[in-house]
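Let me begin by presenting the structure, written as structure tokens, before commenting on it.
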Amino acid sequence: QVQLVESGGGLVQAGGSLRLSCAASGIGVSWLPMGWYRQAPGKQRELVASITGGGSTNYADSVKGRFTISRDNAKKTLYLQMNSLKPEDTAVYYCNLKQLTLNYWGQGTQVTVSS
């Protein structure tokens, strides 16, 4: 059974940093694309950043230059380093793993940025 477990969320002041982690189990992730999404109250879930199995990355315009996505395939863990956080970054952040036509999601971790 595939499981994705996020951690690292919390409350931080504007300008601060957080590092999210997503640990995968039940599946080998080495060559699978993974990503971070977020959903703020009353808004649709949106892509924050993604990374291919080969390590190519893609970022939403709103986080470029502030967030960095990375992965450790040996540990089957995905990371999101978030710097210069803004109140508008407040959301539940979800880890995503794609396998062919399947999408796996974590339970989400809350990130709250106070002004």
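Numbers at a glance
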{"read-out": "Rounded Å value of the spacing that divides the Cα centres of the stretch 18-49 and the stretch 95-115", "value": "3"}
{"read-out": "Inverse mean reciprocal Cα-Cα distance (Kirkwood Rh) of the stretch 16-92, Å", "value": "13.0"}
{"read-out": "Solvent-accessible area, 1.4 Å probe, carbon plus sulfur percent, for the chain", "value": "49"}
{"read-out": "Heavy-atom surface of the stretch 1-110, accessible at 1.4 Å and reported per residue (Å²)", "value": "53"}
{"read-out": "Net charge contributed by nearby residues that have their C-beta within less than 12 Å of Ser50 (K/R +1, D/E -1)", "value": "+1"}
{"read-out": "Loop-resident sites, the stretch 2-108, for chymotrypsin sites (Phe, Trp or Tyr not before Pro), counting at most 16 other Cβ within 10 Å (DSSP)", "value": "Trp31"}
{"read-out": "Value of relative contact order over the stretch 1-101, rounded to a whole percent, pairs C-alpha under 8 Å and six or more apart", "value": "35"}
{"read-out": "Stretchable slack from Arg66 to Leu100, in nm (0.36 nm times residue separation minus alpha-carbon distance)", "value": "9.3 nm"}
{"read-out": "R0 of 25 Å, Cβ-Cβ distance Gln39-Ala74: FRET efficiency to nearest 0.05", "value": "0.25"}
{"read-out": "Computed FRET value (nearest 0.05) for Ile27 with Thr112, which takes r as the C-beta separation and R₀ as 25 Å", "value": "0.25"}
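The values are calculated or read from the model by the stated rules, or taken from the named source; none is laboratory data. Computed from a predicted model, the values in this text were never measured in an experiment. Cβ coordinates were reconstructed from backbone atoms using ideal geometry, including for glycine residues, and neighbour counts include every protein chain displayed. These area figures cover heavy atoms from the full protein model, side chains too; ligands, DNA and RNA do not enter into them. Shrake-Rupley method; radii C 1.70, N 1.55, O 1.52, S 1.80 Å.
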